[in-house]
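Every read-out reported here was derived from the displayed coordinates using simple, explicitly stated rules and does not represent laboratory data. Computed from a prediction, not measured in an experiment: that's the story for all the values here. Counting neighbours? That spans all protein chains shown, and the Cβs are built from the backbone with ideal geometry, glycine included.
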Amino acid sequence: MRKALRWLLALTVLIGALSTAGTATAVQPEAEGTTDIKDRLLAVPGMSLVEEKPYPGYRFFVLNFTQPVDHRSPAKGTFQQRITVLHKDVSRPTVFYTSGYNVSTTPSRREPTQIVDGNQVSMEYRYFTPSRPSPADWTKLDIWQAASDQHRIFKALKPIYDKKWLSTGGSKGGMTATYYERFYPRDMDGVVAYVAPNDVVNKEDSAYDRFFATVGTKECRDRLNGVQREALVRRESLEKRYAAYAAENGYTFHTVGSLDKAYEATVLDYVWGFWQYSLLSDCDTIPADAKNATDDELWNTLDTVAGFSFYTDQGLEPYTPYYYQAGTQLGAPTIHFPHIEKQYIRYGYLPPRYFVPRDIEMNFQPWAMRDVDTWVRDNARRMLFVYGENDPWGAEPFRLGKGARDSYVLTAPGANHGARVAGLVEDEKALATAKILQWAGVAPAAVQADPSKARPLAKYDAKLDKRGVERTLRP
């Protein structure tokens, strides 16, 4: 009988993998304790194992999940979407994480997962390789389709992980968690969105100019602005070095259009990149007198902060899905440089169209972000937004309106694009931690009585919990 059951489960998995049904449904697992978690996961229709990696106290699985290319027309084809599961115990809550980009196949734990001591499901965003349909119909890369990917994964895994679920993500991942909540507000029990930009009106970006006029200290701003300007004054000599660097590494510039465009784009990213990645205390690493700095000093600081490889074809290619979305729905900032004379700027801050191959068509949908912004203001429930005071992407944040309930926007003082709950001032940190515990259904009695006593339930793990800001000038 047991062999027959296993054969039936295997057949169900095979049929599910080939199916293009619009909603995933997980088979009912055997009673807890009689079936290994790997078998339970692989009994989900459309789920297949890539590999399992050991980690003390957890089971970590890299998996593929069959998704329709178009959730509105599931019969038109499928693709394999990569996900990971950091399994602790089905009796614990689950955190649904996405970076909005690729998924890491190394075990890691997001801050909410540590706080609730739970499981973590991580999803690779559609169209980031290898989770890309072939051939790629780029019109099916939008925020609703991606939210529907998450919805199907949640529906498939909820019968296994049947306790509370929270969604989370940082930067584009924070945006993703917000969009998921907008389209499927009944799935999650809470949302923790970190440093999520909210470009409501794509053509109105004065908030960024105001940010750069006041961020940090005048001394630090002057150092950064001086380097940026001097790099354009010395364009000719530094571009010769750039050309040699590109030739040595086999870099090309077909997508952006020319080495000259790529050079200026890198230089114009410099000030933004510093505040995104660094802290005010790092200003000492920036040349104090740019006009008298050597070419080597200018090159090294520009490469360290902005990265000369990024606007090459090879650097841009992994981020094509991001730039496509920025140019079709998400929007992208346009900033000005009042400290640089006009004769030194040839192209200005380039829009996303310059960073996507020309054979991919792009048409901007201005209503997409307005819809999400309005929904958050009027309908947010159990949503927490965390921003960094010195992070440029926080210049246009999500805001809450009168219709929001049990939701919060908090800012970590002095923090960059890596802002976390742990960096908030003490009373706000306690509030945020208590809310996360409450939404996950695991707040101890002491925390329910006094939120100031809220602490993460899991101890810090140097390997699982250590992370930095992703080194890309995208959100």
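Report the extension gain between residue 288 and residue 49 in nm, rounded to one decimal, defined as 0.36 nm multiplied by the number of residues separating them, less their alpha carbon distance. Show your work: numbers first, answer last.
Numbers: separation 239, 0.36 × 239 = 86.04 nm, distance 5.32 nm.
Value of the extension gain: 80.7 nm.
Rounded to whole numbers, the Karplus 3J(HN,Hα) couplings from phi for segment 379-393 are 10, 4, 9, 6, 10, 10, 10, 10, 10, x, 4, 9, 8, x, 5 Hz, using 6.51 cos²θ - 1.76 cosθ + 1.60 with θ = phi - 60°, and x at Gly and Pro.
With respect to the cross-link table entries 38/453; 203/342; 218/240; 429/459; 172/218; 38/155, which display a Cα-Cα separation exceeding 27 Å?
On the way: 38/453 36 Å; 203/342 21 Å; 218/240 32 Å; 429/459 17 Å; 172/218 30 Å; 38/155 18 Å.
Listed pairs above 27 Å: 38/453; 218/240; 172/218.
Once every Cα of segment 127-216 carries one equal point scatterer and solvent is ignored, give the base-10 log of I(q)/I(0) from the Debye formula at q = 0.23 Å⁻¹, two decimals. Reported log10 I(q)/I(0), two decimals: -1.20. Taken along the Cα-to-beta-carbon direction at a fixed 7 Å, the label points for residue 248 and residue 347 span 2.3 nm.
Each label point was placed 7 Å from the Cα along the Cα-to-Cβ direction; for residue 134 and residue 236 their separation is 4.8 nm.
Percent relative contact order of the chain, based on C-alpha pairs within less than 8 angstrom and at least six residues apart?
On the way: 887 pairs, mean separation 73.6, N = 475.
Here the relative contact order equals 15 percent.
Calculated translational diffusion coefficient of segment 118-275 (20 °C, 1.002 mPa s; Stokes-Einstein with Kirkwood radius over alpha-carbon pairs) equals 109 µm²/s.
Quick one: divide the alpha-carbon radius of gyration of segment 232-322 by 2.2 N^0.38 Å and tell me what you get. Please report the intermediate quantities before stating the final value.
On the way: Rg = 13.5 Å, N = 91, 2.2 N^0.38 = 12.2 Å.
Relative to the rule-of-thumb radius for its length, segment 232-322 sits at 1.11.
When the P(r) is computed for the chain, the part past 37 Å accounts for 30% of the Cα-Cα pairs. On the principal axes of its alpha-carbon atoms, segment 388-432 has extents of 29, 25, 11 Å, going from largest to smallest. Here the extension length gained between residue 281 and residue 455 equals 59.8 nm, from 0.36 nm per residue of separation less the Cα-Cα distance. Other residues within the sphere of radius under 10 Å centred on the Cβ of residue 262, judged by their own Cβ, net out at -3 (K and R +1, D and E -1).
The helix-only estimate of mean residue ellipticity at 222 nm for the chain, built from DSSP H runs of length n ≥ 4 each weighted as -39500 (n - 2.57), is -10500 deg cm²/dmol after division by the residue total. Computed from point charges on the beta carbon alone (+1 for Lys and Arg, -1 for Asp and Glu), the dipole magnitude for the chain about its Cα centre is near 1600 Debye. With each label modelled as a point 7 angstrom along the Cα→C-beta vector, the residue 361-residue 300 pair spans 5.0 nm. The share of C-alpha pairs in segment 366-475 whose separation exceeds 20 Å stands at 52 percent.
One decimal place: the segment residue 206-residue 313 gains 35.5 nm when fully extended, by the rule 0.36 nm per residue minus the C-alpha distance. Bridgeable aspartates and glutamates around residue 158 (alpha carbons under 18 Å apart, same-chain partners fewer than 8 residues away excluded): 30, 32, 36, 39, 89, 117, 149, 181, 187, 189. For segment 338-440, what relative contact order do you get, as a whole percent, if you take Cα pairs closer than 8 Å and at least 6 residues apart? Value for segment 338-440: 21 percent.
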